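Contents: one structure, followed by commentary.
The values are calculated or read from the model by the stated rules, or taken from the named source; none is laboratory data. Remember, predicted model here, so these are calculated numbers, not experimental data. All Cβ positions, glycine included, derive from the backbone under ideal geometry; neighbour counts span all protein chains shown. Remember, those area values only see protein heavy atoms, side chains included, never the ligands or the DNA or RNA. Shrake-Rupley method; radii C 1.70, N 1.55, O 1.52, S 1.80 Å.
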Amino acid sequence: MNVLEVRGLKVAYGQILAVKGIDLIVRERERVALIGANGAGKTTTLKALAGMIPPASGEIRYLGKPVTGKPSFELVREGLALVPEGRQVFGKLTVEENLELGAYARSDGPAIHQDLERVYGLFPRLKERRRQTAGTLSGGEQQMLAIGRALMSRPKLLLLDEPSMGLAPLMVQRIFEVVREISREGVTLLLVEQNARLALELSDRGYVMESGLVTLAGPAAELLGNPQVRHAYLGE
Ligand code: ATP
């Protein structure tokens, strides 16, 4: 089954078309990478999929139903969550308060507590720092928190925007291990990354975006071997 089906998606900021008509499919339990240069339209695409910017045109179907233009709070309730670029945790709230906010759309108290423990199991560092304010965490810990917060909504589809951004290699490795674990537990993933190699190595399939359009798509292993991709995005 297709978890996500996107047809002819266009997204504009005023007069400027940032996403110019893209098609995209994400199947159940797949890991899909969206790569491309700065400004290619990757973040804008994720924001539109997460209901944070209304599309100018096109259709988005989630779990077989049209959701084009649905606001993010409704999509979160239906299991579609975004981990935004730059983390965007609430710096003055504690780690645990940030995580609890991730469950705002839910009313199943005991299960929320279980999920908190699950997040602490994935990220023991967050458990150690549960009473600390999020603003005092390192960049990597804030990324863990942003992912943990999204997991608290029990997503079926998780959109991740640049989880490796600005992090030291060891921390990136740790974050990606957890992303893999989340995928093994059955969550479907759509991942935007500047680090194309890392993203494609993790993924089943990939899409390459350039200037608001998808210019290449295919199995991740094929893209990793594609001379054009190697030259433009893998630094070879
Ligand atoms: P990055 O890796 O830098 O986030 P990206 O591929 O995610 O790049 P977007 O951030 O989606 O690209 O940007 C796509 C285009 O839309 C760019 O030309 C950018 O300048 C423009 N853009 C992004 N956000 C806005 C905004 N809030 N208002 C106007 N234009 C914007």
request  = Quick one: give the max-minus-min coordinate of the C-alpha atoms of the chain along each principal axis, largest first, in Å.
outcome  = 46, 39, 35
query = Between the range 158-188 and the range 78-153, what is the C-alpha centre distance in whole Å?
reply = 14 Å
Cα convex hull of the range 98-236 - mean projected area over all directions, nm² = 9.5 nm²
message = With every protein chain kept in place and ligands, DNA and RNA left out, what is the accessible area per residue of the chain? Probe 1.4 Å, answer in Å².
response = 45 Å²
Total lysine pairs under 22 Å (Cα atoms) in the range 2-233, excluding pairs fewer than 8 apart on one chain = 16
task = For the range 2-233, give the percent of accessible area contributed by carbon and sulfur heavy atoms, probe 1.4 Å, rounded to a whole number.
result = 52 percent
key: For the chain, with +1 on Lys and Arg beta carbons and -1 on Asp and Glu, the positive-most of MET171, GLN15, GLY109 along the dipole   = GLY109
remark   = Mean shadow area (nm²) of the C-alpha convex hull around the range 32-98 is 6.0 nm²
task = Describe numerically, in nm with one decimal, the distance between label points set 7 Å from Cα along Cα→Cβ at GLN114 and at GLU28.
result = 2.0 nm
task = Report, largest value first, the span of the C-alpha coordinates of the range 83-151 along each principal axis, in whole Å.
result = 30, 22, 18
key: Cβ-Cβ FRET estimate between ARG131 and ALA105, R0 fixed at 22 Å, reported to 0.05   = 0.35
ask   = With +1 on each Lys and Arg Cβ and -1 on each Asp and Glu Cβ, how big is the dipole of the range 2-233 about its Cα centre, in debye rounded to the nearest 20?
value = 140 debye
